[in-house]
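First the structure, in the form of structure tokens, and then the observations on it.
The values are calculated or read from the model by the stated rules, or taken from the named source; none is laboratory data. It should be emphasised that the depicted structure is a prediction, and the values quoted were computed from it without experimental measurement. Methodologically, a virtual Cβ is constructed for each residue, glycine included, from the backbone with ideal geometry; neighbour enumeration extends over all protein chains shown.
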Amino acid sequence: MIVQRFLAWAPTAMPDLRAEAAGALARVYLYSDLIPGERERAAAALTLLLEDRCLDVRQNIAEAFASHPAAPRHIVLALAHDAPDIAMPVLQRSPVLNDQDLIEILATRGEEVQAAIACRPDLSAALAAAIGEIAGPRACVVLLQNAEAKFTPGVFARLTQRYGNDHEIRSILLNRNDLPISERQILLLRLAHSLGRVAEREFQIGKERVRQLTEDAAQRATLMLAGEEAHNVPGLVSHLRTSEQLTTGLVLKALLRGDLGFVRSAFAELTGMELHRVERFLEEPERAGFRALYRSAGFPEPYLTVFQAGLASWYDSDRRDLSIAAGRKQAAERALQAAENHPRELGQAINLLSRIATEAARYEARERLQAYAEPLRLAAA
């Protein structure tokens with residue numbers, strides 16, 4: 001009787017009253033003990049109301065059905081394809097919709113609807129992957145901020161590839177603790193190039209100078225990342241090799257900074273040798289074993305003496321208990337001296353090593369001044 005009375009009344013009712021009654025009928029369908037056949041008639045009546053011109057009618061049905069698993073699937077699907085304001089409640093919450101339903105909607109709707117899907121609770125890895133693959137930046141921001149979304153490395157890789165130059169998405173990705181180190185390095189590289197373009201445009205710096213500054217900044221960021229995530233260094237090194245960033249210059253910079261864990265991983269990656277064996281050869285850089293390891297890694301022959309000088313310096317620093325700053329200064333100076341013995345072959349390396357040695361000297365001088373100033377500060381206090 002309830003449904004018959006509703007159907008007789010609805011055609012002449014005011015839109016606001018009709019909308020209120022539609023929501024009430026949807027709740028009756030979900031929560032009332034209807035007599036046999038009445039539930040089917042209620043579902044039929046609600047199906048007819050999907051064609052109502054009044055948006056509030058359909059929106060009230062959507063709000064009533066949005067969170068309930070017993071809502072009629074055909075009605076929920078129709079609401080999910082309706083106007084954004086009507087679709088969003090069911091897209092955000094409905095357990096009736098499965099991943100395939102939502103992926104099909106993602107591909108055909110705008111960012112407002114995509115963002116509604118991206119904030120669903122307990123969002124699956126498959127749906128996260130689909131959002132990362134086809135959704136716009138607004139939905140991807142919502143996805144990254146969804147604490148219940150399940151991410152795989154592939155989702156992070158696709159988001160980095162698609163939106164690594166988007167400032168907001170890049171910042172959110174870099175602030176996530178679960179971001180793979182390879183994607184973190186790519187984003188830092190993108191950031192360095194972005195800053196380089198700003199420098200070229202705003203400060204009228206020459207292209208070659210910008211290129212050099214960008215490369216230095218990217219390599220510095222990469223080595224800082226390796227220091228912060230020491231347990232992930234082998235994975236980072238593998239990524240750098242695959243992306244053709246594991247250059248002689250980068251490994252040499254790591255060596256002169258004292259990042260020996262990175263250096264060991266680089267030799268292991270390039271030679272296929274186990275880390276503990278690599279470490280044994282690096283400890284004796286003047287012996288034939290290291291020379292064979294070096295050549296197997298494929299580094300240029302003229303740089304051999306530079307690597308030997310840098311390695312020997314660090315193991316000497318350990319014996320002399322030098323500070324990091326003093327160790328860097330000593331390693332850079334010895335490597336530069338070794339390069340200067342081969343000016344023809346190592347002209348570019350000499351320029352690089354000169355810059356590194358100058359920077360290391362400044363770093364060591366600042367450390368000395370701080371050491372001198374500390375007793376005076378304590379005395380003054």
Checklist entry - On the given criteria, is Leu336 outside any helix (DSSP H, G or I), over 18 Å from Arg291 (Cβ atoms) and hydrophobic (A, V, I, L, M, F, W, C)? => result no
Checklist entry - Inside segment 44-62, can you point out the residues that are charged (D, E, K, R), crowded, with 16+ Cβ neighbours inside 10 Å and more than 42 Å from the chain's Cα centre (by Cα)? => result Asp52
Next on the checklist: Here is a check on your reading of the model: is Ala373 modelled with pLDDT under 90, closer than 30 Å to Arg209 by Cα, part of a helix (DSSP H, G or I) and not polar (S, T, N, Q)?
Outcome noted: no
Checklist outcome for this item: Note on segment 93-114: residues part of a helix (DSSP H, G or I) and closer than 17 Å to Arg73 by Cβ are Arg93, Asp99, Gln100, Asp101, Leu102, Ile103, Glu104, Ile105
Item to check | Entirely in segment 119-171, the helices (runs of 4 or more DSSP H) that have 2 or more residues that are in contact with a Pro (Cβ under 8 Å, 6 or more places away or on another chain) | outcome: 153-163
Checklist outcome for this item: The condition from (1) in contact (Cβ under 8 Å) with a residue 24 or more places away in the chain; (2) over 25 Å from Ala157 (Cβ atoms) that Leu236 misses is numbered (2)
Checklist outcome for this item: The condition of being touching a Lys or Arg at 6+ places or on another chain (Cβ under 9 Å) and either at pLDDT below 85 or not assigned by TED's automatic domain parsing to the domain that holds Met273 (or both) holds, among Leu304, Leu293, Leu352, only for Leu352
Item to check | Matching helices (runs of 4 or more DSSP H) fully within segment 233-310 where at least 1 residues are aromatic (Phe, Trp, Tyr) | outcome: 260-271, 275-282, 288-297
Next on the checklist: So if I check each of Glu229, Glu183, Glu215, Glu168, which one is closer than 22 Å to Leu255 by Cα and within 18 Å of the chain's Cα centre (by Cα)?
Outcome noted: Glu229
Next on the checklist: Criterion first (free of Cβ contacts under 8 Å to residues at least 60 places away in the same chain, farther than 23 Å from Ala118 by Cβ, in a helix (DSSP H, G or I) and among the hydrophobic types (A, V, I, L, M, F, W, C)) does Val76 satisfy it?
Outcome noted: no
